[in-house]
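Single-structure report; data block below.
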Amino acid sequence: MDWESIREEAVKYLQDLVRINTTNPPGNETPAAGYVADVLRKEGIEAQIVESEPGRGNVIARLKGSGEKGALLLLSHLDVVPVEPEHWEHDPFGGELIDGYIWGRGTVDTKQLTVMEMLCLLLAKREGLSLKRDLVLAATADEETGGKLGVEWLVKNRPELQECEYAINEGGGFGFDLGGKRYYLCDSAEKAPCWIKVKAKGTPGHASTPRGDNAVLKLAEAIARLGKARLPMHRTAPAEVFIKSLARDQKFPNSVLLPLVLNPIFEPLIMRQLPEDSEIKPMLRAMLHNTATPTILRAGKKTNVIPSEAEAEVDCRVLPGQTKEDLFAEIRPYLGEDIEIEVLTEPMPFETDYNTELFTVFQEVIAEEDPGAKVVPFMLTATTDSRFLARKGVKVYGFSPMKPDPKASFLELAHAHNERISVENLMFGVRVLYKIVKRFCT
């Protein structure tokens, strides 16, 4: 296999996709879906563009197998979050190749995964693999604003997606180093967003005569309490498996201290010992708690008018096994009884069993491609479109392979300024993912 030629191909595909602006809102993913479809069709792979609304395109492609085993879905999304171009060193939609890095919005979330998965289909077709499973690709719209016009719509309107036995999506696959050991994280469980709007009411009037019953002050005090709150710890099975998997490979004292994080008495003490710039510290904290992060404030229309209402939006994240009612019981003491709560999104946390044939293949291939490294299941504290498939019984994992890169950390660059990926890491992902697909599907 001519990997140098594949390298040039992968770089071109990612550059081209980055240059198609799919910022959501408004999305406008159809041109990107058309690009993916054209690339696949040129090599004889059937690809369809399906729009949930005008301009909101999803592309679905399939390589037929013998049907001896259930289909594997390769999932990614084509939309990207907005940018602040004045804070970027290079054009966020330029797809520039500079010093071995491809720059631009979507290079790690998740147009790079679209390219990796496209090449899995192209290479399988070129090699003429005898597939025992259908290999399905879906590059979709609208993930960044909840998936309503993307995977959620597709699951309802294109049932062949939920008929897949397994799926590989974003959310994991990136590596990190701890105590001299390297780990690649496999997203096998996810917290779920429960976005809420909170509202305070007060007495309106002229700002020249302040009064105590001020909605802005009530809201500000409630939001400050909530933002500083440490909600109760919850010991979930996915977090326990992840933490104990790390501890088994660590030397003293990490081997002893890590499992103590699962004890609510010791957890605050252990967390304080971890350096603030540690990648694992915020991850562990979020894996063990429901969280509530205020993000938007609204109040008043004129400087000299005291408004009757003030409201905020809060990004809450709910652990598997928890409900919105559990969450509200935790945050209500901080907000106070006078603050109204409105649910904007219903939470859908999930867990996928990691004791499967596909997870074993992840472990085997990573051990071959990065000797000494280990794949561990973990809980993603954000959320992906995987939740829509998990609800339908699909065994879905987040696994977009990337080596640790101190110059371009995935955890620091997703949704951030100067998003970029090294060509080396893009090709690592292509090789690993194709090897997984080839081994799992033949």
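Rule-based calculations on the coordinates, nothing more; no lab input. These figures come from a predicted structure and were not determined experimentally. Note that we place each Cβ from the backbone using ideal geometry, even for glycine, and neighbour counts take in every protein chain shown.
Using the eigenvalues of the Cα gyration tensor, what equivalent ellipsoid semi-axes result for the stretch 310-359 when each is taken as the square root of five times the eigenvalue, whole Å, largest first? Each step should come with its number before you reach the end.
Values: eigenvalues 199, 26, 11 Å².
With the √(5λ) rule applied to the stretch 310-359, the semi-axes are 32, 11, 7 Å.
Taking the simple approach of a point 7 Å from Cα along Cα-to-Cβ for both LYS42 and SER409, what is their distance in nm?
In this crude spin-label approximation the distance works out to 3.8 nm.
Compute the orientation-averaged projected area for the stretch 192-343 from the convex hull of its Cα atoms and round it to one decimal in nm². Intermediate results must be reported in sequence, preceding the final value.
Values: hull surface 42.6 nm².
Approximately 10.7 nm², given one-decimal rounding.
How big is the dipole moment of the chain about its Cα centre under a simple scheme where the beta carbon of each Lys and Arg is +1, that of each Asp and Glu is -1, and everything else is neutral? Debye, nearest 20, please.
Values: 54 positive and 66 negative charges, 169 e Å.
Dipole about the Cα centre, nearest 20: 820 debye.
Sorting check: for 87-97, 140-150, which peptide has the highest mean count of neighbouring beta carbons within 10 Å, and how do the rest follow?
Values: 87-97: 16.9, 140-150: 24.0.
Packing proxy ranking, top to bottom: 140-150, 87-97.
Hey, what number do you get for the chain at 222 nm if only DSSP H runs of n ≥ 4 count, each worth -39500 (n - 2.57), divided across all residues, to the nearest 500? Numbers along the way, then the final one.
Values: 14 runs with 154 residues, N = 442.
After summing the helix terms and dividing by the residues of the chain, the value is -10500 deg cm²/dmol.
At R0 = 60 Å, how high is the FRET efficiency between LYS64 and GLU337 if r is their beta carbon distance? Nearest 0.05 is fine.
Numbers: r = 60 Å, r/R0 = 0.99.
Efficiency for this residue pair is about 0.50.
Points 7 angstrom from Cα along the Cβ direction at LYS148 and ARG391: gap in nanometres?
Reported label-point gap for LYS148 and ARG391 is 1.3 nm.
Determine the dipole magnitude for the stretch 110-182: charges of +1 sit on the beta-carbon of Lys and Arg, -1 on that of Asp and Glu, nothing else is charged, the reference point is the Cα centre, and the result goes in debye to the nearest 20.
Details: 10 positive and 12 negative charges, 53 e Å.
For this selection, approximately 260 debye.
Antiparallel DSSP bridges in the chain: what percent, to the nearest 5? Before the final figure, lay out each step's value.
On the way: 47 of 69 bridges.
Bridges in the chain are about 70 percent antiparallel.
Ranked highest first by the average count of other Cβ atoms within 10 Å around their residues, in what order do 295-301, 239-245 fall?
On the way: 295-301: 12.9, 239-245: 18.9.
My ranking of the peptides, most packed first, is 239-245, 295-301.
Output the peptides 29-40, 165-176 sorted from most to least packed, where packing is the average of other Cβ atoms within 10 Å over each peptide's residues. Don't skip to the answer; put the middle values down first.
On the way: 29-40: 21.8, 165-176: 24.7.
The peptides rank, most packed first, as 165-176, 29-40.
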